[in-house]
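Since the structure comes first, as C-alpha cells, the remarks are kept for the end.
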Amino acid sequence: MTEQHKSPWMWVPTLYFAEGVPYFIVTAISVALFNQLGMPNAEMALFTSLISFPWVIKPIWSPFVDVLRTKRWWIITMQAVMAITVFLLAWYAPKGYFTVALILFTITAFASATHDIAADGFYMIALAESQQSAFVGLRSTFYRIANIFCQSVLLMIVGILEKSQSVSMAWMITLLGCSLLITLITLWHAFALPKTEQTYEHKSSRLIWNEIGLTFVEFFRKPAIVLALLFMLLYRLPEALLLKLCVPFFLAPIEEGGLALTMDIVGELYGGFGVVMMLLGGILGGLAGSKWGLKKVMLWMCLCLTLPCIVYCYMAQYQPDNLWLIAICIGVEQLGYGLGYTACMLYMMHFAKGEHKTAHFSICTAIMYLGLMLPGLIAGYIQQNTGYLAFFWIVMACCIPSILITIIVQHRL
C-alpha cells in the first residue's frame with residue numbers, strides 16, 4: 001500500500017485512542033488508584049491535578065516538535081516512552097510508593113503532552129481541510145472511547161481481579177495490560193501512519209527560540225484573544241470539578257453521601273449504556289458541526305454540558321440503588337460530554353488557523369487543560385467540606401459562566 005493511499009480510517013481512530021489512553025490514565029485512573037489505596041479526596045484531587053501540569057505548559061516545547069524531526073517520529077517515539085512508564089507504574093504504584101508513582105505519572109504526562117502536539121499537527125498536515133472537518137467527529141469519538149476504555153474496561157478488570165486477588169495485585173495486572181496495549185498501538189502506527197512530511201531540516205537553537213517567540217506573539221495578537229482565552233478557560237469548568245469526584249462518589253459509602261458501588265460495577269455501568277450514548281454524542285456533534293457550522297450549534301452543545309451536572313445532583317440527592325437507573329444517568333452524562341466536547345474542539349481548530357496552526361492549536365489545548373487543572377486542585381477540598389450533594393450543586397452553578405461566555409463567543413464568530 002502506497003503512502004498516498006493509506007486511508008485515514010487506518011490511523012485516525014487509533015491515533016486519537018492512543019492520545020486519549022495515557023491522558024485518562026494520568027487524570028482518571030490515577031484518581032481511582034489513589035482513592036482505593038486510601039488517599040483522602042482533598043489530597044487525591046490536588047496531586048492528580050498537579051501531575052496534569054505538562055499539558056498546560058506544552059506550548060513551550062511545541063515549536064521543537066514542529067522543527068525537530070517529523071511529527072510521525074515524535075508520535076511513535078512518545079508512544080514507546082509511555083509504554084515503558086506505564087510498565088514501571090504497574091510495579092511501583094500499587095505497592096504504595098506514592099512519590100515514585102507521582103514521578104512516573106508526571107513523565108507519562110510529559111510524553112503524552114508531546115504526543116498530543118505531534119498527533120494534532122499530523123492530523124492537520126496529513127488531511128485536507130475538508131477531511132479535517134469530516135473526521136473531527138470520529139477523532140473526538142475515539143478520544144472519548146479511550147475515556148470509556150479507562151473508566152470502564154480498566155475499572156471492570158480491576159474490580160473483577162479484586163475478587164480473587166489483592167487490590168495491589170489487581171492494579172498491577174491491569175496496568176501491565178495497558179503497557180502491552182500501548183506497545184501494540186506503537187507497532188501498528190509504525191506501519192499505518194503515512195509518511196506525508198518532508199525530512200526535517202536542522203535549525204540552530206537561536207532560530208528555534210526566535211520561532212517560539214514569534215509563535216506566542218502571533219497567537220496573542222489574534223483578534224478577540226481575550227474572549228478566546230476566557231472561553232477556553234471557562235467552557236469546561238463544570239466538567240473540571242466533576243472529573244475528580246465521579247469515581248469516589250460511586251465508591252463512597254451511603255452514609256458519606258455516595259452510592260456504595262464496587263469497582264467492577266462502576267466499570268460495567270460506564271461500559272454499557274454509557275458507551276452507546278458517548279458514541280452517539282460524538283457522532284452527532286461532528287455531523288451537526290459539519291452540516292450547520294460551529295456558530296449555529298455552539299450554544300446547544302454548551303447546554304449539553306449541563307446534563308452531567310443535572311444527573312449527579314439527582315444521584316446525590318436520592319442515592320438510587322437501582323443499577324438500571326444509575327446506568328441511564330451515566331448514559332445521559334456521556335451524551336452531554338460527547339456533544340459538548342465537539343464544540344470545544346471545533347472552536348479551537350477555528351481559532352488556531354494560520355501559518356503556525358500546529359503550535360497555535362497546541363496553545364489552545366494547553367489553555368483548555370489549565371481550565372481543567374485549576375478547578376481540580378480545589379475540587380477535593382470543596383467536596384470534603386460540603387459533602388457530595390452540596391458539591392454537585394456548586395458544580396451546577398458553575399454552568400452559568402460557561403454558558404455566558406459561549407453566548408458571547410457565538411455572537412463574535
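The values are calculated or read from the model by the stated rules, or taken from the named source; none is laboratory data. From a predicted model like this one, the values you see are computed outputs, not experimental measurements. Reconstructed Cβ throughout: ideal geometry from the backbone, glycine too, with neighbour counts over all protein chains shown. Calculation scope for accessible area: heavy atoms of the full protein, side chains included, ligands and nucleic acids excluded. Shrake-Rupley method; radii C 1.70, N 1.55, O 1.52, S 1.80 Å.
Structure data summary
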| item | result |
| --- | --- |
| Of residues in segment 137-188 being of a type in the set (D, E, K, R) and surrounded by fewer than 22 Cβ atoms within 10 Å (Cβ to Cβ), the one farthest from GLY38 (Cα to Cα) | LYS163 |
| Any hit, segment 272-290, residues being at pLDDT 95 or above and not hydrophobic (A, V, I, L, M, F, W, C) | no |
| Options SER290, SER362: the member that is touching a helix residue (DSSP H, G or I) at 6+ places or on another chain (Cβ under 8 Å), open to solvent by 30 Å² or more (accessible area, probe 1.4 Å) and among the hydroxyl-bearing types (Ser, Thr, Tyr) | SER290 |
| Conditions (1) among the hydrophobic types (A, V, I, L, M, F, W, C); (2) under 26 Å from ALA111 (Cβ atoms); (3) modelled with pLDDT under 85; number of the one not met by LEU180 | (3) |
| Any hit, segment 206-221, residues being buried (at least 18 other Cβ atoms within 10 Å of the Cβ) and within 30 Å of LEU389 (Cα to Cα) | no |
| Helices (runs of 4 or more DSSP H) within segment 294-413 that include 2 or more residues touching a Cys at 6+ places or on another chain (Cβ under 8 Å) and among the hydroxyl-bearing types (Ser, Thr, Tyr) | 306-318, 399-412 |
| Sole residue being within 30 Å of LEU404 (Cβ to Cβ), modelled with pLDDT under 90 and in a helix (DSSP H, G or I), chosen from VAL226, VAL217 | VAL217 |
| Identity of the residue in segment 319-343, touching a residue at least 60 places away in the same chain (Cβ under 8 Å) and surrounded by fewer than 24 Cβ atoms within 10 Å (Cβ to Cβ), that ends up farthest from ILE407 (Cα to Cα) | ASP321 |
